[in-house]
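The values are calculated or read from the model by the stated rules, or taken from the named source; none is laboratory data. What you see is a predicted model; the values in this text were computed from it and never measured. Because the Cβ atoms are built from the backbone with ideal geometry, glycine has one as well, and the counts that use them run over all protein chains shown.
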Amino acid sequence: MYLFRITICAFGLLAVLGSAMAAPASEEPTREDCNAAVAEARALAAALPPDHLSRYFAERHLHQALVEAGNGEFDECIDMAARASDEVRERRHELLPGEKLKVLGAHE
Amino acid sequence: MFPSGKTILLTAASASLALTQGATAEEFGRGERRGNPYVAGDMHNHNTCTDGSVAAGYTIDRAVGRGSASAGGNNFDLDWFTLGNHGGSGNRDCRFSDTSANLPGQTTTTWSQTLGQTIDGVTISSLKGTPNGSGTGAQMWRWQSIREVEYPTIVNRSAQYDKVLIEGLEWIAPGHEHVDVAVITGQRPMHRRKPGNADKMAEFEYRFDRADTDAIGPTIDAGGNQLWPGKDNVNNTGTAGHQKALSGVKWLQANYPLQSYVIPTHTERQGPFSATANKGYNIEHFRDFNNAGPTVAFGIESPGHFAEGGANGGSGSYGTGAVGGGTYGMSGIYTAKVGGLWDGLLGEGRNFFIYVSSDWHSRGAGGARDSFTTADFIPGEYTKLYVPNAGRFSSQHVVDGMRSGNSYSVNADLIGPDMVFRAKTRGDDWKTMGETLVVRPGEKITVEMQLTVPRENNAPYSFNNPLLVPVGIKQPLNKPSLDHVDLITGQITGVVAPDAPNYAVANAAGTAGASIVYNPSATIARQIPATQMHREHRGDRDGVRLTFTTTFTAGTKPFYIRARGTNIPNGTPNVSDTAGNPLLDANNAQVSCTDPACPTHLETVNGAKKVTHDVQAYSNAWFYANPIFVRPEGSPKLLVETNAELARRLGQRADNDHDHDHHDHDDHDDHHHDHH
């Protein structure tokens, strides 16, 4: 379904990020912390029905989490992953009967 | 409208400093901008060089273009634009937008896929500096993308739009969070033959950004000798990091005192400063910055990310751990609280001003062309930072305007580009924002404000503001409406010395941080309802012109007057207190959005849509004007005055150097302006 297709390739693209950067200070989140947080949130999102609006929002947050990791900002990665987890746990977005979230597709 | 206060010689840096006195509006601008005493811009935004969602060029197109984008979506016609993207590194080729932006023909592209190709006239042959990642994770250090991708894009778009475009940075500061920085030296993007470069901006990023851990930088010969040797790649955290950040401020002050700025942003977001981590700021850090960089470190910025608010808060990207526990009227507590941190700094007489920008990354659940957003607004869509229009406007005028304090910050187009905020005692010697009025005790001080409430803003919603429904007001979200203006005063008691016991003030995360008082004398001295202002309708296109004057009596102590305005009446449930102060914005989500047109992307609680995301941002609209300072005749000059004088002297010195070196100007004009 379109709402989810748009995130899939970016997940794959960014998941293989390596790093030669200097190790952050001990209190700073690491890439491993980021990857773990993203994996946990992704598993939560996957438990929602594919057409649930909160799953879509969560996957958008997770996409941004990986983008932040690509910039070396692991604290922001973890923050975005936490937002994704909260989104799923609290079902923050729900479509009312008859509603549809209209997002312009790249082909439109 | 404006008195013609001074004759202005447009020769060099010092000339633009004088513009804070205000020339006649008729002298300003060209085309449709003629007559606007201020011009709108944005200095904090992102693209795929770091963590944004769209290409560097696409952001500029949407921000400064007119009409509609070719693939759809509105452009926002800003007058000036500073590309202020993170430091560090990035693995994506920022000549392409991310797949998530849903732009036709655009898919996420990494540097590993495009090396050696010429795209948009730019060829990246290698990733320079210390190797950083591999495969699709291979990253380009930001000093390289500033020099080789973003600046060429600035040059390209400058010619296309004939607007002021600047290559800047969102500095990931050692010891702290983020800071807006620009070094305009060397940038001449409008110069056809010699468009200059952003090397000084890139050098700052390489030397001082804690996310840029490259140990090599650009080299100058085949032997690998460094162009920028001597980088401190160690002291990036906590107290040592703060000292490195101060070194960065001092570097700017020493080398580019009139050609740079350093403005901490979303300053409350990560809570108080930590001596062992990288987060936050306390008041002593802003004092340190201003002391180290009196003509470059002159303010802070509002949070951006204005559409992120959900049912539990989050507007401005502020969570419950932020100082203050979230935003207040879409501002951080440092600036939103009367008597708060900003008033503390103004109470010293410091040249410390506030600014606003978009912090554009993405539209969250939407693509770049969707009219709704659950995250950020495109530059110019929701926030506008106004600086004086200097006629032959240039990047130098942006920096000069910001430094002068003669600027104001507007959300949701609550007011337009022609605000007047000024004070005088006798005659016609008006002083405006950032300036100091010298008075005799007992004299009457007349304060005047003129502002235009535009007919429309950029909201895609025409249903009534849901926050105002409970108080019986029907106000369409896309029709700006001003309820009142607050004039806030505070006493100035002098600069706090670094060794004084109150130089550092204990700070706190969460709502506990909102109770800290830094200037107990600050108060809402006047509140002027829009209904009591003189009102002049300017036709269907231009909205309503509102004017008021009020008076104060000069005392024996210096003080300042700043202004803010809002569409929110006092005592609006879940939005403002009875005095008119904004409440924690998380409370807005207690209100349901019940109009049938309320959009599907709003957060819901028990099936009810709540005032969240972009609907919240358009419902809770504010503007902030920087202060006018007042001191008694014969009293010592305020720091804001002496630092302005320092800037003026530095400008005169630059003029002299310029005259001296005039014969080889083209090769030695690093410290001067875009002349176009």
If you scan the range A:84-108, which residues turn out to be assigned to a loop (DSSP other than H, G, I, E, B) and touching a residue at least 24 places away in the same chain (Cβ under 8 Å)?
A:91, A:92, A:93, A:94, A:95, A:101, A:103, A:105, A:106
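Considering only residues that are of a type in the set (Gly, Ala, Ser) and either within 12 Å of another protein chain (Cβ to nearest Cβ) or free of Cβ contacts under 8 Å to residues at least 24 places away in the same chain (or both), look in the range A:62-83 and name the one that is nearest to residue B:367 (Cα to Cα). Let's see the steps before the verdict.
Taking the range A:62-83 as the starting set, the residues that turn out to be of a type in the set (Gly, Ala, Ser) are A:65, A:69-70, A:72, A:81-82.
Applying the additional criterion that residues be either within 12 Å of another protein chain (Cβ to nearest Cβ) or free of Cβ contacts under 8 Å to residues at least 24 places away in the same chain (or both) yields A:65, A:69-70, A:72, A:82.
On the way: A:65: 17, A:69: 21, A:70: 20, A:72: 24, A:82: 22 Å.
The extreme case among them is A:65.
List the helices (runs of 4 or more DSSP H) that sit entirely inside the range B:136-219 and contain at least 1 residues that are in contact with a Lys or Arg (Cβ under 7 Å, 6 or more places away or on another chain) and not aliphatic (A, V, I, L, M). First the steps, then the outcome.
Details: elements: B:142-145, B:151-161, B:199-208.
Output list reads B:142-145, B:199-208.
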Lone qualifier among A:59, A:27, A:40 - being away from chain B (no Cβ under 13 Å) and at pLDDT 50 or above
A:40
Enumeration of residues in the range B:272-313 that are surrounded by 24 or more Cβ atoms within 10 Å (Cβ to Cβ), farther than 27 Å from residue B:183 by Cα and more than 12 Å from chain A (Cβ to nearest Cβ):
B:307
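Can you find a residue in the range B:467-486 that is over 30 Å from residue B:599 (Cβ atoms) and surrounded by 16 or more Cβ atoms within 10 Å (Cβ to Cβ)? Full working, then the answer.
We begin by selecting, within the range B:467-486, every residue over 30 Å from residue B:599 (Cβ atoms); these are B:485-486.
Then drop every residue that is not surrounded by 16 or more Cβ atoms within 10 Å (Cβ to Cβ), which leaves B:485-486.
Yes: the range B:467-486 contains one or more residues that are over 30 Å from residue B:599 (Cβ atoms) and surrounded by 16 or more Cβ atoms within 10 Å (Cβ to Cβ).
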Note on residue B:98: of the conditions (1) buried (at least 24 other Cβ atoms within 10 Å of the Cβ); (2) charged (D, E, K, R); (3) within 25 Å of the chain's Cα centre (by Cα), unmet is (3)
Of these, B:198, B:182, B:245, B:159, which one is under 17 Å from residue B:60 (Cβ atoms) and touching a residue at least 60 places away in the same chain (Cβ under 8 Å)?
B:182
Select from the range B:92-118 the residues that are more than 10 Å from every other protein chain (Cβ to nearest Cβ) and either under 20 Å from residue A:64 (Cα atoms) or at pLDDT below 95 (or both) and list them in ascending order.
B:93, B:94, B:95, B:96, B:111
Which is farther than 30 Å from residue B:636 by Cβ and not basic (Lys, Arg), of B:490, B:543, B:494, B:555?
B:543
Please enumerate the residues belonging to the range B:600-643 that are under 25 Å from residue B:462 (Cβ atoms) and hydrophobic (A, V, I, L, M, F, W, C).
B:602, B:605, B:608, B:611, B:615, B:617, B:621, B:622, B:623
For the subset of the range B:608-625 comprising residues that are touching a residue at least 60 places away in the same chain (Cβ under 8 Å) and charged (D, E, K, R), which member is surrounded by the most Cβ atoms within 10 Å (Cβ to Cβ)?
B:614
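Can you go through A:108, A:90, A:99, A:32 and tell me which one is of a type in the set (D, E, K, R) and either at the interface with chain B (Cβ under 7 Å from one of its Cβ atoms) or buried (at least 16 other Cβ atoms within 10 Å of the Cβ) (or both)? Can you show your working first?
Numbers: A:108 fails: either at the interface with chain B (Cβ under 7 Å from one of its Cβ atoms) or buried (at least 16 other Cβ atoms within 10 Å of the Cβ) (or both); A:90 fails: either at the interface with chain B (Cβ under 7 Å from one of its Cβ atoms) or buried (at least 16 other Cβ atoms within 10 Å of the Cβ) (or both); A:32 fails: either at the interface with chain B (Cβ under 7 Å from one of its Cβ atoms) or buried (at least 16 other Cβ atoms within 10 Å of the Cβ) (or both).
On inspection, the qualifying residue turns out to be A:99.
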Residue under question is residue B:438, and the condition is that it be β-branched (Val, Ile, Thr) and out of contact with any Asp or Glu (no Cβ under 6 Å at 6 or more places or on another chain); does it hold?
no
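Residues of the range B:229-243 being assigned to a loop (DSSP other than H, G, I, E, B) and closer than 25 Å to residue A:28 by Cβ, which ones?
Residues of the range B:229-243 assigned to a loop (DSSP other than H, G, I, E, B): B:229-237.
Answer for the range B:229-243, where residues must be assigned to a loop (DSSP other than H, G, I, E, B) and closer than 25 Å to residue A:28 by Cβ: B:230, B:231, B:232, B:233, B:234, B:235, B:236, B:237.
In the list B:222, B:245, B:240, which residue meets the criterion of being hydrophobic (A, V, I, L, M, F, W, C) and over 21 Å from residue B:272 (Cβ atoms)? I'd like the intermediate steps shown before the answer.
Numbers: B:245 fails: over 21 Å from residue B:272 (Cβ atoms); B:240 fails: over 21 Å from residue B:272 (Cβ atoms).
Just a single option satisfies the conditions, and that option is B:222.
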Could you please find all residues in the range B:390-408 being in contact with a helix residue (DSSP H, G or I) (Cβ under 7 Å, 6 or more places away or on another chain) and more than 15 Å from residue B:433 (Cα to Cα)?
B:390, B:391, B:396, B:397
Just the residues that are in a loop (DSSP other than H, G, I, E, B), over 27 Å from residue B:353 (Cα atoms) and not acidic (Asp, Glu), please, taken from the range B:601-641.
B:601, B:602, B:606, B:607, B:611, B:612
What tally of residues in the range B:207-239 results from selecting those that are closer than 24 Å to residue A:70 by Cβ and either over 23 Å from the mean Cα position of the chain (by Cα) or within 12 Å of chain A (Cβ to nearest Cβ) (or both)?
15
By my count, strands (runs of 3 or more DSSP E) wholly in the range B:527-592 with at least 2 residues that are at pLDDT 95 or above, within 26 Å of the chain's Cα centre (by Cα) and closer than 26 Å to residue B:407 by Cα are B:544-553, B:559-566
